[in-house]
Each structure stands twice: as structure tokens, then as C-alpha cells.
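The next block holds one structure in the form of C-alpha cells; read it before the comments.
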Amino acid sequence: MSADSKAVYSPPNKVVSISHCSSMEQYRRMYEKSIQDPEGFWGEIAKSFHFEQETTGKFCDYNFDPSKGRIFIKWLEGAKTNICYNCLDRHIEAGKGDQIAFYWEGNDPADRRQLTYADILRDVCKMANVLKGYGVAKGHRVAIYMPMIPELVVAMLAVARIGAVHSIVFGGYSSESLAERMIDAQASILITSDAVWRGTKLVHLKDIADGALEICKQKDLDVKKSIVVKHLCRVTAPQSAANGVANGNPSKKTHFDDKVGWKEGRDVWWEDVMKDAKSDCHAVWMDAEDPLFMLYTSGSTGKPKGVLHTVGGYMLYSATTFKYSFDYHPGDIYFCTADIGWITGHSYVTYGPLLNGATSVLFEGVPTYPHTGRFWEIVEMCKVNKFYTAPTAIRALMKFGDEPVKKYNLSSLSVLGSVGEPINPEAWMWYYRVVGNSDVSIVDTFWQTETGGHVITPLPGATPAKPGSACYPFFGVDVALLDEEGKEISGEGEGYLVFRRPWPGIMRTVYGNHERFETTYFKKFPGYYCTGDGARRDADGYIWVTGRIDDMLNVSGHLLSTAQVESALVEHEAVAEAAAVARPHHVKGECLYCFVYLAEGFEFNPKLAAELKGKVREKIGPFATPDYLQATSVGLPKTRSGKIMRRILRKVAVGDKEFGDISTLADPSIVDVLFQSRILDGKA
Ligand code: WTA
């Protein structure tokens, strides 16, 4: 199936006829208003939320230009609200307490739960009281390291309810990564779970978390409590459990039930502490600009950045983008497959849907377990209307052909979303034709941890979509493309993707390091927020995001910095120097191709390769494992000033001999040697 990249796909009638924004003319009108009169536009939207107090200061105030002083962004200053109250109490007071908030679908299809808005509020209040009992107060950081279970949503909302700041770390990160983030955030409480099945793989979250707490202790961070959800004993283990304690013994019991690794005084079971907790707890009224959460994202120095979002602006933006990008209507069933450990899960599993009073699917498992039709089985079972996933998942499932999709009745679907990386037109077409039966709108949503919500996206009832393009800016987002000199490119062209002014959901700072925030996003082009992505604008004004233009790479939709991977590799005594680059991958989008220059006396062999891959897993997490490792005995290509030229290594990795100018290299002969011994496809 080849995709016609020039084709334009108009929204189907079933979407247009009920849409909140049902024509390009309406989109343009609303967009104009959002740019000309942000206060009028967002002020009107703010009316549907509960504010205990209205704005007392300026509606929006900011500085994007370092030469004019510190960078700052403020929305709704002085207004008082609570996002948890708006997610739960507001709907319950409107009589929606019995509505399902989440259909929880476990890793095994036998494991299912349903939670109403009232159920969640009760548990949130209990957990909020537990946290208060441990001394957690406004502004304190609480780390969360959990699987995709309802308790994760409860935990984050409980933290938000009492004005504390959640820092969720994806459950695929290693002990070291978790510890690094907890130390940076100075988190005094951790909420985790015993373990979780991901497909047939058992992940011992508590063990990993314990490892992290050990590191925290060594670095003088005193983590007072670790609250552990007892999850494993209530779910079904895979028939052919592949590893861990369940190997050959697929019973529901694990050693966690016996409290191995239990530290009295520090570790408590979630279930025990919830039992006696009171089920009412008032929401703390927060200033709109008070911190809501931090979420770490890769930084080009290798040290992750704690992206900080605040209460008011993030609330308006996550709610509004959810409503318009997915064209959400009451009664819809919505399913986002992202893990809450990433920003997509924050904004479009928890906050966006709950702020809209939506009913969603919360999925614990993986797309291919127990079979490759698992997503579609859930869509049929729950009658999902709006489905949101990543190109890497689409490509992984495309490999199995149309049959696993066609087995299910997917006629409930009307909007399909994509996020995390540019979606290749072939994957777009498969998603549209096979999953959507050519009768859906596809929304390719471009955004970042930093942007809080979608910033460039089609609207399902309005925008004629072009496969591979994120189309047009969302309301309030003022896009520009800049050339290398920082001059704006008008009309058709390609350049740096930047934004001229803030929208409510933009990050406010890097936690504990405002200077890094200024340097990373505002220094290169004063007056603009710089995304770090490149983009092209076509003759119709459509934006095509072309990918990162910094030292970042995107593996299966997860951003990694080359520096992060390199520093993991050089920790091994055998490695003198390392360089990591991206190589295109048919499923992951990009994968890691690493060059290692070995120290004296070491020889490259499969054992060392396995150790090096293990090092990256240990330092970062399994998702960052390199696909290719090439050892070099001649060194890495460097400029005379000693900077590694990754541009050349990227060429070597893909087998492209068009190196361009290599005369600035200290030793150009290295390039040929590296090229000769490059790893060909299939030889990894
Ligand atoms: C990339 C994920 C093209 C981009 C929400 C961005 C995309 C980075 C798209 C942010 C898209 C995300 N088209 N590229 N639709 N969505 N990206 O912070 O490079 O994990 O800068 O946020 O992913 O990744 P992050």
C-alpha cells in the first residue's frame, strides 16, 4: 500500500456534523481570536472551570527575550483553583459521580476494573490524607514510579489535591535514573508498586525502586516513606511466564507477598494505609502559577531536565486541547495507549479527559500480548470512539497485516490520534484505511513535554489532513520558522520550529535551574521559544515537522540525548570514548547506533557488547538499549578542537558515503576505516 503524500483527506461527515469546530473557516476565526485577544479567548474557556478566586493580576504576562531580563511566563496570576477539584468534585457536584471515569484493562484480558468519578474521589481523598499524615504539604515533591493502574491516577490527583508537586518517573527507567530524578527533585516520599506484568515479562518495580532508594540514601536524600501498591497478587500471570520468579511457576504468588526487601518503618502497603484513612479531604486552593508537577525530559548535556508545569495554565490547555483535538463529546469512550509516566499520559490519560468529565480506557498491557489484536479487542469491547497511540506502535502492528485488525468490529471509531514522532505516510495510510476503515479523522498531534499539550495539530472536524503533516497551530500558538541567522521564513520553506509567544500550557521553568530553561529554549533565538525540531511549511501553510535538530534522538517516541547514552557507555572500564547517533529503524522510528573507542588492553567481543548494552539498561532503562555497537581502534572523527562530528557518524551508520566537507577533521583518514567496518543491516 503506497501513500500518496499529495493527497488530502477531508474529515468524514460523521465527525463534521457534530464537531466543536466543523470548518476551516471556523478554525481560522477561533484561531484569530486566540491570537488577537488571548484574554477574551481563554477567559471564556476559564468560565467552565471552578476558580475559587478570579485573576487579580494580568491575564497573561511574559518575556521571551533574554536581553530584556529574565524569561518568565505567567497566566491568570492571582487566580485560585485546584486541578483535582476540577477533575473530580466539579463533575460529582453536577451529578456525574456514578459515571465511569476509567475502564481499567489489565495486561491479561481477564483482569478488568471499572472506576466511577465518585470511586476515584473517595480514594484520592484517602490517599491525600495519608500523604498529609506523612507530613506532605503544599510545594513538597512526591515521586511516583508505578504501572498503569488506577492507583497511579489516584496518587497523582491526591498529590495535586493537597498542593504538592508530583514527579512521575516512567516504570521502564532503571534504579539509577529514578534515583537521579528523585535527588534532583528532593522528593521525600515515593509511591510505587510491587511488580507488574508487561506482556510475559515480569518487572519488579519494588526491587528497582529499592535500588533507587539505596542510591538516594548514599546521596543524603532521606526518603521517609515508600508506599507500595500490592498489585501482583490480584492479577493473572501469563500462561507461559517468561522470566522472574514466575518462571515455570505461573502462580499469582511472588516473593513480594513475603515482604522480601521490606524495610520496616519506611515501606508501607498502600492497601494498609488506605484502610483507615478518612475519605474526605478538602482541596487546597492554589495560585494559578503554583507548581503542579514536574516531569523529566532528556537534556542535551545528558542530565535530565525537570520540566515544571503550573496549575492554572496547564489546566486550561490540557482540557481545551483534549476537547478540540479529539473532538470530545459527552458519551464518547476514549482510549490513549500512552504510559502516564510520559507527558502524553499526564495530559491525555489523566488531566485532559478528567477535566472534560470523559470516560476513558486505562490500559496496563502491551499491544502484542496475548495477541497482536489486543488494542482492537479493547476498542471493540469498550466501544471506543477516540483512539490515541504512537507511530511506533502502529508500525509494529502493521507488520502482522490487516487480519488481526479486521477480526474486530471497530465501527465505533471516529477519531484516531498519533503522537511522539513524525508519522510516516505509509503508517498513516494503514491507520486510516485498516484501523479507521477510511471513515475517520486522523490527528497527527505535534507537541512536547515542554508544551504541556498539542501545539500543532489538525482538528478532526475541520482540517483536511495530509498524511505526515501535523497541519496547523492550535489556538493561541503563534508559529514561526527561522533560518540559521534567526530570520523568519515566510511562506514556503524549512527551518527551526519556534513559537513567538506563550500559550497557557507552556512550561514555566526547569526545576531548580531557571538559567538552564533560559539557555535551552530562548538563547539561540531571543524572543522565541525554540522547540529543537525542524519543520517545513508547504504552499498551503501546512507544517511538516522533520525531527530534532539538536543532539537528541527519538527511539520509539522516547526522546534520548546522545550525551546520556554516551556517558552510560564510558562508565564501562573498556570504553575510552563513545559516540551515539540515530539510525532509522522500521518500527522504532530511530534506534541507537553507538561507536565505542576501547581503552588499551580491551578487545571487542560478544561478551563485552552484552556488558555495554547492560550498562545502558542499568543507567537509563531497557528502552534505551543500543541496537548497534561498532568498536573502533582508530578513534572517533573529531574536529581539531576535539568535538566529535556526529554528522559523519550518522552517515556511517546508514552507509551513506556522501560525507560532505571533512577537511575540518583532525584526522580525516578515520572516516574511511569506520565506514569499512560499519555494521550492515541484520548484522547487529
Ligand atoms: C517529537 C511527546 C513529529 C518531536 C509528546 C518533539 C513529534 C518530541 C510529534 C517531544 C509529531 C512528538 N510529529 N514529531 N506528531 N510528536 N514529536 O517531550 O521531536 O516526549 O520535540 O513529548 O517528540 O517528545 P516528548
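Enumerate the pairs (first residue in segment 39-65 and charged (D, E, K, R); second residue anywhere and in a helix (DSSP H, G or I) and surrounded by 12 or more Cβ atoms within 10 Å (Cβ to Cβ)) with beta-carbon separation below 8 Å, excluding pairs fewer than 6 apart on the same chain, so at least 6 apart or on different chains.
Listed by first residue and then by second, the contacts come to Asp65/Phe522.
Which one of these does Ser418 not meet: (1) touching a helix residue (DSSP H, G or I) at 6+ places or on another chain (Cβ under 9 Å); (2) within 13 Å of the ligand (Cβ to nearest atom); (3) open to solvent by 20 Å² or more (accessible area, probe 1.4 Å)?
(3)
Only one of Asp61, Asp108, Asp98 is outside any helix (DSSP H, G or I) and buried (at least 16 other Cβ atoms within 10 Å of the Cβ); which?
Among Asp61, Asp108, Asp98, only Asp108 is outside any helix (DSSP H, G or I) and buried (at least 16 other Cβ atoms within 10 Å of the Cβ).
Check whether at least one residue in segment 564-587 is closer than 30 Å to Ile489 by Cα and in a helix (DSSP H, G or I), and report yes or no.
Looking for residues that are closer than 30 Å to Ile489 by Cα and in a helix (DSSP H, G or I), one finds none in segment 564-587, hence no.
Take the residues of segment 531-548 that are open to solvent by 30 Å² or more (accessible area, probe 1.4 Å) and over 19 Å from the mean Cα position of the chain (by Cα): which is nearest to the ligand (Cβ to nearest atom)?
In this case the residue turns out to be Trp544.
Could you tell me which residue of segment 588-605 is most open to solvent (accessible area, probe 1.4 Å), considering only residues that are in a strand (DSSP E or B) and under 30 Å from Val419 (Cβ atoms)?
So the residue we want is Glu590.
Condition check ((1) open to solvent by 20 Å² or more (accessible area, probe 1.4 Å); (2) within 13 Å of the ligand (Cβ to nearest atom); (3) over 18 Å from Tyr9 (Cα atoms)) across all residues:
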{"site": "Asn437", "(1), (2), (3)": "yes, no, no"}
{"site": "Glu492", "(1), (2), (3)": "yes, no, yes"}
{"site": "Gly505", "(1), (2), (3)": "no, yes, yes"}
{"site": "His514", "(1), (2), (3)": "yes, no, yes"}
{"site": "Gly527", "(1), (2), (3)": "yes, no, yes"}
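Any residue in segment 609-624 that is assigned to a loop (DSSP other than H, G, I, E, B) and either touching a Cys at 6+ places or on another chain (Cβ under 7 Å) or free of Cβ contacts under 8 Å to residues at least 12 places away in the same chain (or both)? It would help to see each step written out before you state the result.
Step one: list which residues in segment 609-624 are assigned to a loop (DSSP other than H, G, I, E, B), which gives 620-621.
With the extra rule that they be either touching a Cys at 6+ places or on another chain (Cβ under 7 Å) or free of Cβ contacts under 8 Å to residues at least 12 places away in the same chain (or both), the set shrinks to none.
Within segment 609-624, none of the residues are assigned to a loop (DSSP other than H, G, I, E, B) and either touching a Cys at 6+ places or on another chain (Cβ under 7 Å) or free of Cβ contacts under 8 Å to residues at least 12 places away in the same chain (or both).
Surrounded by 17 or more Cβ atoms within 10 Å (Cβ to Cβ), on the phi > 0 side of the Ramachandran plot and away from the ligand (no atom under 15 Å from the Cβ): is that true of Gly476 in this structure?
yes
Just a yes or no: is a residue in segment 303-318 away from the ligand (no atom under 16 Å from the Cβ), open to solvent by 10 Å² or more (accessible area, probe 1.4 Å) and either among the hydroxyl-bearing types (Ser, Thr, Tyr) or outside any loop (DSSP other than H, G, I, E, B) (or both)?
Scanning segment 303-318, I find no residue that is away from the ligand (no atom under 16 Å from the Cβ), open to solvent by 10 Å² or more (accessible area, probe 1.4 Å) and either among the hydroxyl-bearing types (Ser, Thr, Tyr) or outside any loop (DSSP other than H, G, I, E, B) (or both), so the answer is no.
Let me confirm something: among Ala164, Ala158, Ala179, which residue is touching a helix residue (DSSP H, G or I) at 6+ places or on another chain (Cβ under 6 Å) and under 18 Å from Thr350 (Cα atoms)? Even if it seems obvious, please write down each step before you answer.
Numbers: Ala164 fails: touching a helix residue (DSSP H, G or I) at 6+ places or on another chain (Cβ under 6 Å); Ala179 fails: under 18 Å from Thr350 (Cα atoms).
Just one listed residue meets the conditions, Ala158.
Among what's in segment 283-302 and is more than 20 Å from the chain's Cα centre (by Cα) and assigned to a strand (DSSP E or B), pick the residue that is nearest to Ala164 (Cα to Cα).
Taking the candidates together, the pick is Met286.
Can you pull out the residues in segment 439-455 that are away from the ligand (no atom under 16 Å from the Cβ) and either open to solvent by 10 Å² or more (accessible area, probe 1.4 Å) or among the hydroxyl-bearing types (Ser, Thr, Tyr) (or both)?
Matches in segment 439-455: Asp439 only.
Okay, residues lined up against (1) closer than 24 Å to Pro12 by Cα; (2) within 16 Å of the ligand (Cβ to nearest atom):
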residue: Ile340; (1), (2): no, yes
residue: Leu362; (1), (2): no, no
residue: Arg374; (1), (2): no, no
residue: Ser414; (1), (2): yes, no
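From the list Pro458, Pro464, which residue is at pLDDT 95 or above and within 22 Å of the chain's Cα centre (by Cα)?
Of Pro458, Pro464, the one residue that is at pLDDT 95 or above and within 22 Å of the chain's Cα centre (by Cα) is Pro458.
Filtering segment 131-150 down to residues that are in contact with a Phe, Trp or Tyr (Cβ under 9 Å, 6 or more places away or on another chain) and crowded, with 24+ Cβ neighbours inside 10 Å, which residue is farthest from Gln99 (Cα to Cα)?
Among those residues, the one meeting the criterion is Tyr145.
Of (1) surrounded by fewer than 21 Cβ atoms within 10 Å (Cβ to Cβ); (2) more than 24 Å from Asp194 (Cβ to Cβ), Lys275 satisfies all except one. Which?
Failing condition for Lys275: (2).
Check off (1) touching a His at 6+ places or on another chain (Cβ under 9 Å); (2) over 15 Å from Met146 (Cβ atoms); (3) modelled with pLDDT of 95 or more for Val223 and give me the number that stays unchecked.
The single condition Val223 does not satisfy is (1).
Looking only at segment 549-574, count every residue that is free of Cβ contacts under 8 Å to residues at least 60 places away in the same chain, more than 12 Å from the ligand (Cβ to nearest atom) and open to solvent by 10 Å² or more (accessible area, probe 1.4 Å) and tell me the total.
Summing the residues that are free of Cβ contacts under 8 Å to residues at least 60 places away in the same chain, more than 12 Å from the ligand (Cβ to nearest atom) and open to solvent by 10 Å² or more (accessible area, probe 1.4 Å) in segment 549-574 gives 4.
Quick check, is Thr463 of a type in the set (Ser, Thr, Tyr) and in contact (Cβ under 8 Å) with a residue 24 or more places away in the chain?
Yes: the conditions hold for Thr463.
Hey, can you tell me all the residues within segment 249-282 that are outside any loop (DSSP other than H, G, I, E, B), modelled with pLDDT of 95 or more and either touching a His at 6+ places or on another chain (Cβ under 7 Å) or acidic (Asp, Glu) (or both)?
The answer is Asp267, Glu271, Asp272.
In segment 456-473, what count of residues is obtained for those that are within 14 Å of the ligand (Cβ to nearest atom) and not polar (S, T, N, Q)?
Within segment 456-473, residues that are within 14 Å of the ligand (Cβ to nearest atom) and not polar (S, T, N, Q) number 10.
Counting residues that are touching a residue at least 60 places away in the same chain (Cβ under 8 Å), which helices (runs of 4 or more DSSP H) fully inside segment 389-441 reach at least 2?
391-398, 425-430
I need the full set of residues from segment 640-668 which are in a helix (DSSP H, G or I) and open to solvent by 70 Å² or more (accessible area, probe 1.4 Å), in order please.
Listed by number, the residues that qualify are Arg647, Arg650, Val654.
The values are calculated or read from the model by the stated rules, or taken from the named source; none is laboratory data. Computed from a predicted model, the values in this text were never measured in an experiment. Quick reminder, even Gly has a Cβ in these numbers, built from the backbone with ideal geometry, and neighbours come from all protein chains shown. Only protein heavy atoms, including side chains, enter the accessible area calculation; ligands, DNA and RNA are left aside. Shrake-Rupley method; radii C 1.70, N 1.55, O 1.52, S 1.80 Å.
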